[in-house]
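Everything below concerns the one structure shown next.
The values are calculated or read from the model by the stated rules, or taken from the named source; none is laboratory data. Here the structure is a predicted model, which is why all the values come from computation and not from measurement. Every residue, glycine as well, gets a Cβ built from its backbone with ideal geometry; the counts of neighbours run over all protein chains shown. Remember, those area values only see protein heavy atoms, side chains included, never the ligands or the DNA or RNA. Shrake-Rupley method; radii C 1.70, N 1.55, O 1.52, S 1.80 Å.
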Amino acid sequence: MKITEIINILGCKVISGFDFIEDATIDAAFSSDLMSDVLTLDSSRVLLITGLCNLQAIRTAEMADIKCILFVRDKKPTEEMIALAVENDMVILQSSLSLFRVSGMLYQAGVQPVY
Amino acid sequence: MSNAITLNYHIEGSDFINAGNASSQIKKVLQQLNVDPKTIKRIVVALYEAEVNVVAHAYKGDISAEITTEDITITLDDEGPGIVDIDMAMTEGYSTASPKVREMGFGAGMGLPNIKRNVDELNIQSEVKVGTKVVMKVKLS
């Protein structure tokens, strides 16, 4: 699914990745606040949905080759987080909705789970 | 082995801002060397978990990575409390992490099992109240 479709479904904000958002797509999504769990994923082109808004969320995405992160519950990424995301060509999205609600909406719209 | 590349990094305990810097630098070098992306992911996931372990548990540590055409050997040598029971630490779900570490999204007892899953060879030596030395090797070809 295209990231632009996800933005339309959720009505979420784009924080970084404006240059490549038009072409960005994902094959599946994974919702977790536990970064070690994220690091077990073999899949590529995954959307990470998380309420964990700190530098380690971006670092984890970098190591796991995840190019798109959606922060829920209006958690605001810091300047350092955004800089690291930009350095790694990541799309960062922000939604006011909860992790459960966002996951449900995207699942209903046809986004595949990793497992 | 000729043409080996050696990279060295220092880690400070509890420095969560910089946790992952060494893993990030090593990832960039492996990308420049055109290592297969799936192999790079295995290496950096294992290394990042190990780096976070040093930040989370130790006072300070050093990372050394030696890259040859055949493999990469990464050694993480720390000064810290050591691991009392390595077998227990290798068990999924077993953790001695602080609440601060859990706030960072780690500390669920998956670090060492995650490392083991991603490397070809893993050797852990630890002395309580002295430190821990982790050596991991991944074949590149």
### Query
Hey, quick one: spin label on A:LYS76, modelled 7 Å out along Cα-Cβ, who in the range A:17-41 has an amide N within reach, i.e. under 19 Å?
A:17
### Query
Between the DSSP loop rule and a limit of at most 11 other Cβ atoms within 10 Å, which GluC sites (Glu not before Pro) in the range A:16-97 are left?
A:GLU22
### Query
the range A:50-64 to the range B:55-77: how many Å between their Cα centroids?
22
### Task
Find the eigenvalues of the gyration tensor of the Cα atoms of the protein assembly as shown, then list the square roots of 5 times those eigenvalues as equivalent ellipsoid semi-axes, largest first, in whole angstrom.
32, 20, 16
## Note on the structure
Of every Cα-Cα pair in the range B:1-60, the percentage lying beyond 12 Å is 68
### Inter-chain Cβ neighbour average for residues A:51-64, partner chain, 10 Å
5
### Query
What accessible area per residue comes out for the range A:3-113, rounded to a whole number of Å², with a 1.4 Å probe?
44
### Task
Please give the contour-minus-distance gain from B:VAL135 to B:ASP36: 0.36 nm per residue of separation, less the Cα-Cα distance, rounded to one decimal in nm.
33.5 nm
## Note on the structure
Taking every other residue with Cβ under 14 Å from the Cβ of A:ALA24 and scoring Lys and Arg +1, Asp and Glu -1, one gets -4
### Summary
For the range A:35-115, the percent of accessible surface on carbon and sulfur atoms (probe 1.4 angstrom, ligands and nucleic acids excluded) is 51
#### Entry: Rel. contact order, % - alpha carbon contacts under 8 angstrom, at least six apart, the range A:1-102
31
### Summary
Per the range A:3-113, sqrt(5λ) over the Cα gyration tensor eigenvalues, sorted largest first, in Å, gives 18, 15, 14
### Query
From the cross-link list A:LYS76/B:LYS133; A:LYS76/B:LYS41; B:LYS100/B:LYS133; B:LYS38/B:LYS129; B:LYS38/B:LYS116; A:LYS67/B:LYS27, which pairs have alpha carbons spaced over 26 Å apart?
A:LYS76/B:LYS133; A:LYS76/B:LYS41; B:LYS38/B:LYS129
### Task
Give me the percent of DSSP beta bridges within chain A that run antiparallel, rounded to the nearest 5.
20
### Summary
With -39,500 (n - 2.57) per DSSP H segment of 4 or more residues and division by the full residue count of the protein assembly as shown, the 222 nm estimate, nearest 500 deg cm²/dmol, is -10000 deg cm²/dmol
## Note on the structure
Over chain B, the quotient of the Cα radius of gyration and 2.2 N^0.38 Å is 1.00
